[in-house]
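First comes the structure, then the notes that go with it.
Read-outs throughout are calculated quantities, based only on the coordinates presented, and are distinct from any laboratory measurement. None of these values were measured; they are calculated from a predicted model. Note that we place each Cβ from the backbone using ideal geometry, even for glycine, and neighbour counts take in every protein chain shown.
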Amino acid sequence: MKIIQNLIQSLLKVLHLASNPDLLKQFQIHRSKTASFKERLDYETLTRCHYAYGTYYAALQAKALNISKISVIEFGVAGGNGLIELEKIATEVTKEVGVEIAIYGFDAATGMPKPIDYRDCPYMWQPEFFKMDIDLLKSKLKFSELVLGNVANTIGQFIQEKKPAPIGFISFDLDYYSSTLEAFKLLEQSNEFFLPRVFCYFDDCIGDDWIIHSEFAGELLAIKEFNEKQPTRKIAKIEGLRYKRIFEAYWNEVMYCFHLFDHPLYNQYIYPAENLELPWNWQNKWGILKTYWGSGNS
């Protein structure tokens with residue numbers, strides 16, 4: 001009986017895939033050994049598509065601006081699974097796009113500090129959550145660099161000592177309002193350390209019935225306060241991203257972009273020509289205009 005049930009379930013799965021071209025394509029790409037990085041990103045078959053999306057499109061932006069190397073950053077490393085995955089992503093993106101990628105992970109290593117007040121949402125987070133095993137993590141990392149200590153103290157030193165290549169993607173996963181606001185000190189640094197538009201992932205902006213995020217606490221409040229203080233730099237949600245993706249996913253709702261309107265390269269035109277959808281080619285357009293003028297219209 002169980003064999004029959006398994007056969008029926010398998011048949012239903014095949015029929016479901018066959019009736020949905022996107023699901024069938026996703027299944028094929030998931031099993032493929034030759035699918036490109038972009039195909040796997042587009043069809044949501046990568047382990048951390050939010051990291052892949054931010055890193056990939058940051059690299060494409062850099063390439064369009066003739067920048068050969070960028071940096072990506074993770075705030076809140078904890079056990080390091082994200083950083084390890086980011087290394088895999090960066091390696092593939094470099095191979096596919098041709099832009100070198102440096103990775104930096106910021107963490108206190110001692111776990112979360114005491115919350116300052118309600119704005120840190122202590123009903124969700126507690127001191128010493130997410131401690132790091134430094135030696136174990138270092139043994140797993142291939143080329144990422146850890147920046148350990150309170151971000152309030154490490155950012156300035158990081159900029160002075162590392163002078164990082166332009167930052168193109170940042171993952172913010174510090175949970176607290178106060179820690180996130182401290183991490184935003186990085187966003188106040190000189191334009192030379194950034195691409196004109198920096199992709200950002202905010203881990204703690206959506207949640208379930210227990211988490212209940214709002215703009216009055218946590219990361220959303222930190223974003224709001226940063227934007228209120230910065231006249232020429234803004235953190236803005238990438239609106240409508242889920243409508244442009246083949247498959248909607250939770251991370252579509254928490255992808256932001258840090259816009260540096262004062263960046264000397266912000267207004268440089270980089271939109272790919274192949275993405276332009278003109279209603280007619282220029283030759284046909286010229287013919288229509290000649291017909292219009294010949295009819296005596298003006």
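Numbers at a glance
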{"quantity": "Within-10-Å neighbourhood charge of residue 109 [Cβ basis; K, R +1; D, E -1]", "calculated": "-1"}
{"quantity": "Within the chain: Cβ-based charge dipole about Cα centre, in debye rounded to nearest 20 (Lys, Arg +1; Asp, Glu -1)", "calculated": "1200"}
{"quantity": "Set of lysines near residue 114 by C-alpha distance (under 28 Å), chain-local residues within fewer than 8 positions excluded", "calculated": "131, 138, 185, 224, 229"}
{"quantity": "Where labels lie 7 Å past Cα in the beta-carbon direction, separation of residue 162 and residue 145 in nm", "calculated": "0.6"}
{"quantity": "Low-density loop positions, trypsin sites (Lys or Arg not before Pro), region 18-68 - DSSP coil, at most 14 other Cβ in 10 Å", "calculated": "33"}
{"quantity": "Range of Cα positions in region 49-126 per principal axis (Å), largest first", "calculated": "45, 22, 20"}
{"quantity": "All-pairs Cα distance distribution in region 37-183, expressed in whole percent, bin size 10 Å", "calculated": "11, 38, 34, 15, 2"}
{"quantity": "Full-stretch length increase - residue 227, residue 100 - with 0.36 nm per residue and alpha-carbon distance subtracted", "calculated": "42.7 nm"}
{"quantity": "Relative contact order computed over region 37-294 (Cα-Cα under 8 Å; 6+ residues apart), in percent", "calculated": "19"}
{"quantity": "Coil-residue trypsin sites (Lys or Arg not before Pro) of region 113-172, DSSP, other Cβ within 10 Å capped at 11", "calculated": "142"}
{"quantity": "DSSP loop GluC sites (Glu not before Pro) with at most 16 other Cβ within 10 Å excluded, longest remaining stretch of the chain", "calculated": "1-127"}
{"quantity": "Principal semi-axes in Å for the chain [√(5λ), Cα gyration tensor, largest first]", "calculated": "36, 30, 21"}
